[in-house]
Each structure stands twice: as structure tokens, then as C-alpha cells.
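Below is one structure; the comments refer to it alone.
The values are calculated or read from the model by the stated rules, or taken from the named source; none is laboratory data. Keep in mind that this is a model prediction, so the values were computed, not measured. With ideal geometry, Cβ positions are generated from the backbone for all residues, glycine too; neighbour counts draw on all protein chains shown. In case anyone asks, the SASA skips ligands and DNA or RNA and just uses the protein heavy atoms, side chains included. Shrake-Rupley method; radii C 1.70, N 1.55, O 1.52, S 1.80 Å.
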Amino acid sequence: MALLPAILSSLFTIQFVLGYFANGFIALVNCIDWVKRQKISCADGILTALAVSRICLLCVLVLNWYAIVFNLAFYSLDVKLIFHIAWMTSHHFSLWLATSLSIFYLLKIANFSSLLFLHLKWRAERVVIMILLGALVFLVFHLAVVGTDEKMQMNEDKGNITWETNLGDIMHLSNQTLFMLANFIPFTMSLAAVLLLIFSMWKHLKNMQLSGKGTQDPSTEVHIRAMQTVISFLLVFFIFFFTQIISLWNSSTQQNNSLHMVCKVLGILYPSSHSFILIWGNKKLRQAFLSFLWQLRCWLRKGK
């Protein structure tokens, strides 16, 4: 293996291990708490589903990475299609669950006097369910388009052109358009959520100052932690989305493979690094993580 692919593979593997640990930790802590309490809150349910979807996404990414790097024999056109569909499904759920979490935080934490907002606030769990159902319908439609587009390209590559060229171009354009929409819509929703949270916190701080109570109170801290979680998601997802656009451009123009590999290494930051921010922003997960680190430190001391 050349030097650059070896370095990038090492970075990719490190991020995969860290991301797998963080998401596995989130899922394990919430499942244990679920068994103990015999119930799970909506926020914890979203976090658990998000962690599971990201574990699946990381597994697909790492398998696809090493299949490309080592040019494995089993990586045929049909297998590539399966990997692509698996990636799309896990990425779709990961993205929309993170967006649903942003919307849920907004509805539960922000304070607005609007009747529409209050109506949604009282039905926050139903709103999340409706968002996820809508995302599921969109996914089914997108997968149908992707499957048709990929099969057309496979037939063209094999020289077995059974479809009209114009129809193939339309399906490919539809696929690219749906991909952009599938990423742009949840990004816009999360961006709107963080802007509304900032505005809500500004109003809250203003009311606190007018009443002479200062600015340090539990509501302010909750606002800040929710904003940190959503803003961090927007930042890492923007990096991921940017790398995906570069990868698509790189594939279409048949540029060097090194840029494509760098984009994949940067792209895996999204499902791995954001999970640590979720742990730190959640009181229960943060305490469990600190307890784990303390036990690990004691274990290492005893080992010496």
C-alpha cells in the first residue's frame, strides 16, 4: 500500500473505532436505563435510534473503504449497488433522526407565545413521529429512483443499452436532485431550529435582566447545551455534505483517487465526532461516560 492510502486508512480506522465506541456507548446506556425503568423518553428513544443508525452507517463506510482500497474481488457492480443502498438508508435515518432531535429540543426548550408553536409544543412527540414517517416515505421514493438509475448505468457499462438515453439522463438528474433535497431539507430544518433557540434564549436572558434575576439559571444552561448540540451537528454535517459534493464532482470528472479518499476520511467525522458531543450535552450520558473513564483509570492503575 502506498504511503498516502496507508495514512488515510489509519485515520479512517481511528475515526471508525471512536465513532463505533461513542454510538455503542449511547445505545448501551439508554437500553440499560430502558430495562431498569421499563420505559424510555422520546429524547432517549431518538438518541438510541440515532446511535444504532450511525453504527450501521459506520459499518457500511468502513466496508466500502477497504473494498475500494484493497480492490477486493467480490466488489462487483451488484455489490456496489447493495452497498450504495445500505449507505443511503443508514445515512437517511441518521440525518433525519438528528434533525428530529433538533426539532424536539426546540419544541421542549424554547418559549414562544405563538398559538401554532404552543400547539406543536404540546404535541412534540407526535411532531417527531410525523417527521420520521414523512422521511420514510421520501426514502422509499428515493431508493426506487436510485435503483433504477444504477441499473441503467450498469446496463450501459455492460454495453447492453435497453433504455432510451434521454430517459437514463432524466433518471440520473432526478437521482442527483433527490440527493440534494434529502440533505438540504433536514439541514434547513435544523438551521431554523438553532436560530429559533438562539432567539428564545435571547428573549429569556432579556426577561431575566429586566426582572433583576441575572442570567445564570437552569433554563439558560438547557438552552446553551441544546444549541451546542444542534450547532455542532450543523457544522459536521456541512463538512460531510461538502465532501459528498466534491466526491460526486470528482467521480463525474474522473479526477485522481486521492481527493476522493480524503473526502471519505473527512466525511466520516460526521457520524463519529458528533456522537461525543451528544454524550457531553446529555446529563445522563455525560455522567455515565465520566464514570466509565474513572473506572477505566482505576483499572489501569491496578494493572500497573
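What percentage of the solvent-accessible surface of the chain, computed with a 1.4 Å probe over protein heavy atoms, is contributed by carbon and sulfur atoms?
Result for the chain: 69 percent of the exposed heavy-atom area is carbon or sulfur.
With N residues in the stretch 59-154, what two-decimal value do you get for its Cα radius of gyration over 2.2 N^0.38 Å? Working shown, then result.
Values: Rg = 18.9 Å, N = 96, 2.2 N^0.38 = 12.5 Å.
The stretch 59-154 yields a ratio of 1.52.
Using a cut-off of 22 Å between alpha-carbon atoms, which lysines can reach residue 151, once sequence neighbours fewer than 8 places away in the same chain are excluded?
80
With every protein chain kept in place and ligands, DNA and RNA left out, what is the accessible area per residue of the chain? Probe 1.4 Å, answer in Å². All intermediate terms of the calculation are to be shown ahead of the outcome.
On the way: 17120 Å² over 304 residues.
In whole numbers, the chain has 56 Å² accessible per residue.
Over the chain, what portion of Cα pair distances is larger than 23 Å, expressed as a whole percent?
63
Using a Gaussian network model of the chain whose springs link C-alpha atoms within less than 10 Å, name the residue from 125, 150, 221 with the highest mean-square fluctuation.
Per the Cα network of the chain with a 10 Å cutoff, 221 tops the list.
Calculate one ³J(HN,Hα) per residue across the stretch 229-238 by plugging θ = phi - 60° into the Karplus curve 6.51 cos²θ - 1.76 cosθ + 1.60, and present them in order as whole Hz with x for glycine and proline.
With coefficients 6.51, -1.76 and 1.60, one gets 5, 6, 5, 4, 4, 4, 5, 5, 6, 4 Hz.
Rounded to the nearest 20 debye, what is the charge dipole size of the chain about its Cα centre when +1 sits on each Lys and Arg Cβ and -1 on each Asp and Glu Cβ?
Here the chain has a charge dipole of around 1760 debye.
Relative contact order of the chain: what whole-number percent is it, with Cα pairs under 8 angstrom and at least 6 residues apart?
After rounding, I find 24 percent.
Output the peptides 289-300, 86-97, 197-208 sorted from most to least packed, where packing is the average of other Cβ atoms within 10 Å over each peptide's residues. Don't skip to the end; give the middle numbers.
Details: 289-300: 10.8, 86-97: 21.2, 197-208: 15.8.
Ranked from most to least packed, the peptides come out as 86-97, 197-208, 289-300.
Of all the C-alpha pairs in the stretch 1-100, what % are more than 21 Å from each other?
Beyond 21 Å sits 46 percent of the P(r) for the stretch 1-100.
Just to be sure I understand: with springs between alpha-carbon atoms less than 10 Å apart, which residue in 26, 82, 109 has the highest mean-square fluctuation in the Gaussian network model of the chain?
Checking each option, the largest mean-square fluctuation is seen for 82.
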